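Report on one structure; see the data block that follows.
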Amino acid sequence: MNTILRKSVLGIAGLAFTGGVFAGPVAAHAADTTAHAKPVTATVQQSNKLIPHGVQGAQSRIDLDDEQTKNVKAIIAATKKAGMDERAAVVSIATALQESKLENLGHLGDRNDHDSQGLFQQRPSSGWGTVEQITDPEYSTTAFLKGLKQVDGWQDMPLTKAAQTVQVSAYPDHYAQWEQQAADLVAEHWNK
């Protein structure tokens, strides 16, 4: 059994044994959402193409509403427009799941992390763009992808390392928990 498949099987067995997982610590700026454990399934094809390194650690999953699904589709469209592949969309969606739970967040007052806003919690003060730009799903995705393209070898990195290199988060390992759901979303919406 290859290592990726073995890790996937062990990860699924671990989820079944523990009865589920909860979302990792959420930054103060993130909306209050509840993660729901669901069976994590991946086909071998999906594991090879969308999750080439296998998932790392326990996986989280949330139910998406219409607005979050619309944002998934916007991320995929921007990824295609940038000429990048499905793996780039997986990295982008997993990043947005961690940063905002795929909600296009505006300023959250006291709960805001500095001046972070939008799907990727990008900061105008850090040069990501204006508030209007970073709260536009196409613009914010394109900005994230531009950063990802500048990461040498991002395609060969675990998702969390690629995302962290672009985002420079205080919680660098938390991106990994969303890889399976991101891959499932890309598999569902890429060809629509």
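The values are calculated or read from the model by the stated rules, or taken from the named source; none is laboratory data. The shown structure was predicted, so the numbers you read here are calculated from the model rather than taken from an experiment. No Cβ is skipped: glycine too gets one built from the backbone with ideal geometry, and neighbour counts run over all protein chains shown. These area figures cover heavy atoms from the full protein model, side chains too; ligands, DNA and RNA do not enter into them. Shrake-Rupley method; radii C 1.70, N 1.55, O 1.52, S 1.80 Å.
Rounded to the nearest 20 debye, the dipole magnitude of segment 108-192 is 140 debye, with +1 charges on Lys and Arg beta carbons, -1 on Asp and Glu beta carbons, and the Cα centre as origin. Spatial offset of segment 139-192 relative to segment 51-107 amounts to 8 Å, using the alpha carbon center of each.
Derived scalar couplings between HN and Hα for segment 82-93 equal 7, x, 9, 8, 4, 4, 4, 5, 4, 4, 5, 5 Hz in order, rounded to whole Hz, by the Karplus curve 6.51 cos²θ - 1.76 cosθ + 1.60 (θ = phi - 60°), x for Gly and Pro.
The label-point distance for VAL168 and ASP85, in a model that sets each label 7 Å from Cα toward Cβ, rounds to 2.9 nm.
Proximity of backbone amide H atoms, modeled 1.01 Å from N, is registered between LEU105 and GLY118, LEU119 at under 5 Å, excluding neighbours fewer than 5 places apart on the same chain. The protection proxy used here, the mean number of other Cβ atoms lying within 10 Å of each residue, ranks peptides 75-82, 177-184, 158-165, 127-134 as follows, highest first: 177-184, 158-165, 75-82, 127-134. The modelled label-to-label distance for the pair MET157/ASP63, using points 7 Å beyond Cα in the direction of Cβ, is 3.5 nm. If R0 equals 22 Å, the separation of the Cβ atoms of SER125 and LYS149 corresponds to a calculated FRET efficiency of about 0.45.
The largest accessible area among ARG87, ARG123, ARG61 belongs to the first residue in ARG123, ARG61, ARG87, and the rest follow in falling order (1.4 Å probe, all chains). How would segment 52-192 be classified by its alpha-carbon gyration tensor: rounded, prolate or oblate, with rounded meaning a/c under 1.5 and the a/b versus b/c comparison settling the rest? Cα axes put segment 52-192 in the rounded bin. Residue-wise HN-Hα couplings along segment 156-166, as the Karplus relation 6.51 cos²θ - 1.76 cosθ + 1.60 with θ = phi - 60° gives them from phi, are 9, 9, x, 3, 4, 6, 5, 4, 5, 4, 7 Hz; Gly and Pro carry x.
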